[in-house]
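In what follows, a structure is listed as structure tokens, so that the remarks can point back to it.
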Amino acid sequence: MNKELIIRSSSDNVDFALLKDGKLIEFQKDKENNKFSVGDVFLAKVRKSIPGLNAAFVNVGYHKDAFLHYHDLGPKLPSLLKFIKSVSTGKQKNFSLKDFSYEKDIHKDGKIDKVIHPNQTLLVQIVKEPISSKGPRISSEISFAGRYLVLVPFSDRISISQKIESRAEKERLKRLVKSITPKGFGVIIRTVAKGKKVAELDKDLQNLYSKWETVCKSIPKAHQPSKILGEMNKASSILRDIFNDSFTKITVDDKDLCEKIKDYVFEIAPHKESIVKHYNSKTPIFEKYGIERQIKTSFGKTVSLPKGAYLIVEHTEALHVVDVNSGNRTSKEKNQEDTAIEVNLVAATELARQFRLRDMGGIIVVDFIDMNSAENRKKLFNHLRDEMKDDRAKHKILPPSKFGLIQITRQRVRPEMNIKTKEANPNGTNGAEVEAPIVLIEKINFQLDQIIKKGHKSVTLNTHPFIAAFITKGFPSIRLKWYFKHKKWVKIMPRDAYTYLEYRFKNDNGKTIKL
């Protein structure tokens, strides 16, 4: 398994495409004007509490107030408030918490209006970015994420990732981390810490502690509300969370950004520094690696699957709905149940990719093709779980219901990735839009494969003149690629009467080939 990270930089955006064996599995954008990213720390002011919701609205500088629920206050809130007050007045100049006198913890089932008040100063962290008409969601349980560890002030717990299965390794890591953790701080040990030595863990811990000191030093002079610590740049945060030895290439089209990434990779994995390369070519980087094409064919309402099956993806305010269709797929050797499980397994694999690609969050309902066999339903459920193991977002999958539906909840911390895959209709009718040519070509490609397999000697494609030009332009053209693949020349016949999306395959007798 080879992983590649392709990074495209422009004046106001940086785009990150993660490829697994050449296939796009994750796509993210880093906007320069995004002032409210997950992990950012703010000195904020309480606007008002809402007892009915047991929550408060807090001013963090966004045009909509941030939402703070009682359960996100953390049990150590009184100690945090006391510390902020002491630091802001200059009484507390030692930020180590070693000799800090703690206050009594708040009750887990308490009321928010009893512990915080309007105009009160709070130290908060963004846990969910603004989505749609809602402001950010925040927490006053501050944490600082590093490569191997997460540092949690006002805590004494040493927790460890459940993905580390070896009991001996868990005990080793806990013992090492406990010996280097300063008093008054808790630590969460991340999965990538597995097998690391104490020197590497200590270096990571010291970097995180310096962030805590930066926050504390900023409090006395900061106005309210204001950001006092921003999350690291997107490139570094992505590498921090997903980088491992399976990465074979990191390609960046911006020289300055390339140098920064090279420095960061050298810091976290010196033996991998050489995989970071600067891309310098007239061909756009996303075109070179086929990413633009994959984006166009992956983000539409319809997602094509092998053997003619496809997904229909619908989005509503409350949830996402996905319908799995077998399409024109037929197999004489298999019965309906075998066909259903085969299509469903392929759909489950693509769904796991789509969730990460689009960053779909909240409630997702998938209507798979009905199956009568309980064994097949269990097989589908286990397969979907396995495919989503690499998904970094927290998620939960329920077994298929008696109606054949699978319900999924997936953590939503930022707006869903939405890429426009439609273009203006060239026929110019009332501003209507149609799928981009590349999306249509994907469908034509699949049907041509089926036609060639059936042994047709002569194949002619009748299509709209614009699509005909798209297929025949350039070198190598799409038609020439068909010839190399099938060893058969496809004749292209433009038809002015056809609509933009209309096309037909004809045989040597001029009759339409039906699949």
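The values are calculated or read from the model by the stated rules, or taken from the named source; none is laboratory data. Small disclaimer: the values here were computed from a predicted structure and weren't measured. Cβ sites come from the backbone with ideal geometry, for glycine too, and all protein chains shown count toward neighbours. In case anyone asks, the SASA skips ligands and DNA or RNA and just uses the protein heavy atoms, side chains included. Shrake-Rupley method; radii C 1.70, N 1.55, O 1.52, S 1.80 Å.
Looking across ASN33, ASN13, ASN94, ASN2, one residue alone is open to solvent by 60 Å² or more (accessible area, probe 1.4 Å), at pLDDT below 90, among the polar types (S, T, N, Q) and under 30 Å from SER246 (Cβ atoms). It is ASN2. Residues in segment 46-74 that are open to solvent by 70 Å² or more (accessible area, probe 1.4 Å) and in contact with a strand residue (DSSP E or B) (Cβ under 6 Å, 6 or more places away or on another chain): ARG47, LYS48.
Looking at segment 142-149, can you tell me whether even one residue there is closer than 25 Å to ILE238 by Cβ and exposed (fewer than 15 other Cβ atoms within 10 Å of the Cβ)? No, segment 142-149 has no match at all. When restricted to residues that are exposed (fewer than 15 other Cβ atoms within 10 Å of the Cβ) and assigned to a loop (DSSP other than H, G, I, E, B), segment 478-500 contains 6. Here the condition is being among the hydroxyl-bearing types (Ser, Thr, Tyr) and either assigned to a loop (DSSP other than H, G, I, E, B) or exposed (fewer than 14 other Cβ atoms within 10 Å of the Cβ) (or both); of SER159, SER179, it holds for SER179 alone. In this structure, GLU342 does not satisfy being open to solvent by 20 Å² or more (accessible area, probe 1.4 Å) and farther than 18 Å from VAL303 by Cα.
Among the residues of segment 238-248, those identified as open to solvent by less than 40 Å² (accessible area, probe 1.4 Å) and either free of Cβ contacts under 8 Å to residues at least 12 places away in the same chain or not aliphatic (A, V, I, L, M) (or both) are ARG240, PHE243, SER246, PHE247. Among the residues making up segment 215-237, those that are part of a helix (DSSP H, G or I) and open to solvent by less than 10 Å² (accessible area, probe 1.4 Å) are VAL215, CYS216, ALA235. When segment 86-106 is filtered for residues that are of a type outside the set (S, T, N, Q) and farther than 16 Å from TRP212 by Cα, the ones remaining, listed by number, are GLY90, LYS91, ASP99, TYR102, GLU103, LYS104, ASP105, ILE106.
Looking across segment 456-476, the residues that are more than 20 Å from LYS514 (Cα to Cα) and open to solvent by 10 Å² or more (accessible area, probe 1.4 Å) come down to PRO465, PHE466, ALA469, PHE470, THR472, LYS473, GLY474, PHE475, PRO476.
Taken as a whole, segment 182-202 holds no residue that is free of Cβ contacts under 8 Å to residues at least 24 places away in the same chain, closer than 24 Å to LYS76 by Cβ and touching a strand residue (DSSP E or B) at 6+ places or on another chain (Cβ under 7 Å).
Within segment 468-487, can you find the residues that are out of contact with any Phe, Trp or Tyr (no Cβ under 7 Å at 6 or more places or on another chain) and closer than 22 Å to GLY308 by Cα? Within segment 468-487, ILE471, ILE478, ARG479, LYS481, TRP482, LYS485, HIS486 qualify.
Only one entry of GLU317, GLU375, GLU337 meets the criterion of being closer than 30 Å to SER139 by Cα, of a type in the set (Asp, Glu) and surrounded by fewer than 17 Cβ atoms within 10 Å (Cβ to Cβ), and that entry is GLU317.
When LEU305 is tested against (1) modelled with pLDDT under 85; (2) open to solvent by less than 20 Å² (accessible area, probe 1.4 Å); (3) touching a strand residue (DSSP E or B) at 6+ places or on another chain (Cβ under 6 Å), just one condition goes unmet, and that condition is (3).
Beta carbons closer than 7 Å, at least 6 apart along the sequence or on distinct chains, pair a first residue in segment 355-371 that is more than 15 Å from HIS315 (Cα to Cα) with a second that is of a type in the set (Gly, Ala, Ser) and at pLDDT 90 or above for PHE368/ALA347. VAL152 passes every criterion in (1) surrounded by 19 or more Cβ atoms within 10 Å (Cβ to Cβ); (2) touching a strand residue (DSSP E or B) at 6+ places or on another chain (Cβ under 8 Å); (3) assigned to a loop (DSSP other than H, G, I, E, B) apart from (3).
Answer yes or no: is there a residue in segment 112-124 that is among the acidic types (Asp, Glu) and in a loop (DSSP other than H, G, I, E, B). The answer is no, given that none of the residues of segment 112-124 is among the acidic types (Asp, Glu) and in a loop (DSSP other than H, G, I, E, B). Scanning segment 277-295 for residues that are within 22 Å of the chain's Cα centre (by Cα) and either open to solvent by less than 10 Å² (accessible area, probe 1.4 Å) or more than 29 Å from THR409 (Cβ to Cβ) (or both) returns ILE285, PHE286, GLU287, TYR289, GLY290, ILE291, GLU292, ARG293, ILE295.
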